Amino acid sequence: MVERFADRAQVLAVLDAIYGTRKGREARSMRLAPTLVDALVAGVRHPHPRVRWWCIQVLDHSEDPAAIAAIAPALDDPVPRVRRNAAHALGCVICKPGWDGSLPPGALDRLTELADSDPNARVRLAARHSLACRAP
């Protein structure tokens, strides 16, 4: 199903199939089925950047440690938009209200590197915001 994210015309239908709603507030409180989490985790490594971006977008609302672990490597994605979304997802406690903030080893250091030196200004901004959200 996640490969359908590659087609812009199918994105809303995929989101409806996943959540049954298009309201972000409601999506934050939903638990994703383990098989869906597995598909989204695999989708973070999909060849099409739009699929990777959307899989991260959906996983951003999951507190599942497997989701967080899958997003972290996307900080090195060749596409700035995907890196920016990964940086957001690894710091956004609003999207994951019950998340304890745990990150895989190296992810915090990579966020710091992105904040300081990513060639894309929007990625740097997202990484800085993510780090600021994590500050005590």
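The values are calculated or read from the model by the stated rules, or taken from the named source; none is laboratory data. A quick note: this is a predicted structure, and the numbers were derived from the prediction, not measured. In this analysis, Cβ positions are derived from the backbone assuming ideal geometry, glycine residues included, and neighbour counts consider all displayed protein chains.
Please find, within the stretch 120-136, the residue that is modelled with the highest pLDDT out of those that are over 23 Å from HIS46 (Cα atoms) and part of a loop (DSSP other than H, G, I, E, B).
At the first step, the residues of the stretch 120-136 found to be over 23 Å from HIS46 (Cα atoms) are 121, 124-125, 128-136.
Retained after the next criterion (residues that are part of a loop (DSSP other than H, G, I, E, B)): 135-136.
Values: ALA135: 63, PRO136: 60.
Here the answer is ALA135.
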Note: among ALA74, ALA107, ALA66, just one is aliphatic (A, V, I, L, M), more than 19 Å from VAL11 (Cα to Cα) and within 11 Å of the chain's Cα centre (by Cα), namely ALA74
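Per-residue answers, yes or no, for (1) of a type in the set (A, V, I, L, M); (2) modelled with pLDDT of 95 or more; (3) in contact with a Phe, Trp or Tyr (Cβ under 8 Å, 6 or more places away or on another chain); (4) farther than 16 Å from ALA70 by Cα:
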position	(1), (2), (3), (4)
LEU12	yes, no, no, yes
GLY24	no, no, no, yes
MET30	yes, no, yes, yes
LEU40	yes, yes, no, no
Practice item. Looking only at the stretch 60-67, decide whether some residue is touching a helix residue (DSSP H, G or I) at 6+ places or on another chain (Cβ under 9 Å), at pLDDT 95 or above and buried (at least 24 other Cβ atoms within 10 Å of the Cβ). Key: no
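Give the residue that is farthest from ARG128 (Cα to Cα), with candidates limited to residues of the stretch 41-92 that are polar (S, T, N, Q) and in a helix (DSSP H, G or I).
The first filter runs over the stretch 41-92 and keeps only residues polar (S, T, N, Q), leaving 57, 62, 85.
Now drop any that are not in a helix (DSSP H, G or I), which leaves 57, 85.
Details: GLN57: 18, ASN85: 13 Å.
Step by step, filter the stretch 41-92, then rank; the result is GLN57.
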Restricted to the stretch 95-110 and to residues being touching an Asp or Glu at 6+ places or on another chain (Cβ under 8 Å) and surrounded by 11 or more Cβ atoms within 10 Å (Cβ to Cβ), the residue farthest from LEU32 (Cα to Cα) is ARG110
When (1) among the hydrophobic types (A, V, I, L, M, F, W, C); (2) assigned to a helix (DSSP H, G or I); (3) touching a Ser or Thr at 6+ places or on another chain (Cβ under 8 Å) are applied to LEU114, the one that fails is (3)
Note on the stretch 95-124: residues without any contact (Cβ under 8 Å) to a residue 12 or more places away in the chain and of a type in the set (A, V, I, L, M) are ALA121
Checked pairs for the stretch 2-23, first over 15 Å from ARG52 (Cβ atoms), second among the charged types (D, E, K, R) and modelled with pLDDT of 90 or more, C-beta under 9 Å and 6 or more apart or across chains, list as GLN10/ARG4; ALA13/ARG4; ALA17/ARG4
